[in-house]
Structures are given as C-alpha cells and as structure tokens.
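For reference, the structure is listed below as structure tokens.
Bear in mind that the values in this text are calculations on the coordinates, not laboratory data. Just so it is clear, the structure is predicted and the values come from calculations on it, not from any experiment. Backbone-built Cβ (ideal geometry, glycine too); neighbour counts: all protein chains shown.
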Amino acid sequence: MLIYKIFHAPEWAALQADGSTAGAPIDLADGYIHFSTGRQARETALKHFADASDLVLVAVEADPLGEHLRWEPSRGGDDFPHLYRPLLLTDVAWHKPLPLVDGLHQFPDDL
C-alpha cells in the first residue's frame, strides 16, 4: 500500500540532497512524520496547503517501514500513517509535482 507525504519544493530538494529528512516543521514539533492515505491526501492538501503552489507529492510503500509506521487516530478520528523515524530518499517509490490550478491541487489520476 502506498502512503503519501506532501512537501514544499525546498523540503523535497533538501531530502534529495541529504538523503533523509525528519520532516517538515509540523513533523518535527509532533515527533513523527505525517503521511496520508490516497483517500486522505486531498483533504490534507486542502487543510494544510490550501494556497501553496510549490508542492511535491511523494509516495512511499508502507510495508517496508515496518514497526516504524503506526496508524493513529487524527482528523475526524480517522487513522493516519505516522512514521517514527527519518524518511529516507530510498523509501520514496515516486514523486510528482502537485500543481495548484484554480485554487485546487491537481492530484495524479491514479490516486
């Protein structure tokens, strides 16, 4: 199963350069890296990235993350995937730009 992380372009560039990241400022504050399922990703973009136009959608295969990935209740009581270790560039299955068009982020058709 793929899970998704939305990064601002500079955060994605830093992950590419460094090979790992502890996440965005909210991740650092909470002590884990926030992910969303495919079903949750659009709402996450609306809630946390409404006007951002410099975004990158990163897909990660959940199973290899093993015990470091925990499913925990969050928004509306829905279980969200949280990663309790740095995200490695080698964890990334793929990444795509997440453009903002007419106020809505344009997700890949297969998500």
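Once both labels are modelled 7 Å past Cα along the beta-carbon direction, what's the ASP54-TYR84 spacing in nm?
For the pair ASP54/TYR84, the computed spacing is 3.3 nm.
Would you mind computing, in nm to one decimal, how far apart the modelled labels at ASP109 and ILE26 are, each placed 7 Å from Cα along Cα→Cβ?
3.0
Evaluate E = 1/(1 + (r/R0)^6) for GLN16 and GLU67, where r is the Cβ-Cβ distance and R0 equals 22 Å; express this FRET efficiency to the nearest 0.05.
Working: r = 26 Å, r/R0 = 1.19.
My answer for the efficiency is 0.25.
Testing the spin-label approximation: label points 7 Å from Cα along Cα→Cβ at LEU100 and LYS47. State their distance in nm.
1.9
Would you work out the relative contact order for segment 2-90, in percent, from Cα pairs under 8 angstrom that are 6 or more residues apart? Present the calculation step by step, with values, prior to reporting the outcome.
On the way: 128 pairs, mean separation 38.7, N = 89.
Reported relative contact order: 44 percent.
Calculate the length of the line joining the C-alpha centroid of segment 10-29 to that of segment 84-111, in whole Å.
Going from one Cα centre to the other spans 14 Å.
Let me know the whole percent of all Cα-Cα pairs from segment 2-90 that are separated by more than 18 Å.
Working: 1550 of 3916 pairs.
The proportion of pairs with Cα distances above 18 Å equals 40 percent.
How large is the dipole of segment 1-92 about the Cα centre if only Lys and Arg carry +1 and Asp and Glu carry -1, each at its Cβ, rounded to the nearest 20 debye?
Numbers: 7 positive and 14 negative charges, 32 e Å.
The dipole of segment 1-92 has a size of about 160 debye.
Put +1 on the Cβ of every Lys and Arg and -1 on every Asp and Glu Cβ in segment 5-78; which of ALA50, ALA24, LEU69 then has its Cα farthest towards the positive end of the dipole?
Among ALA50, ALA24, LEU69, the one farthest towards the positive end of the dipole of segment 5-78 is ALA50.
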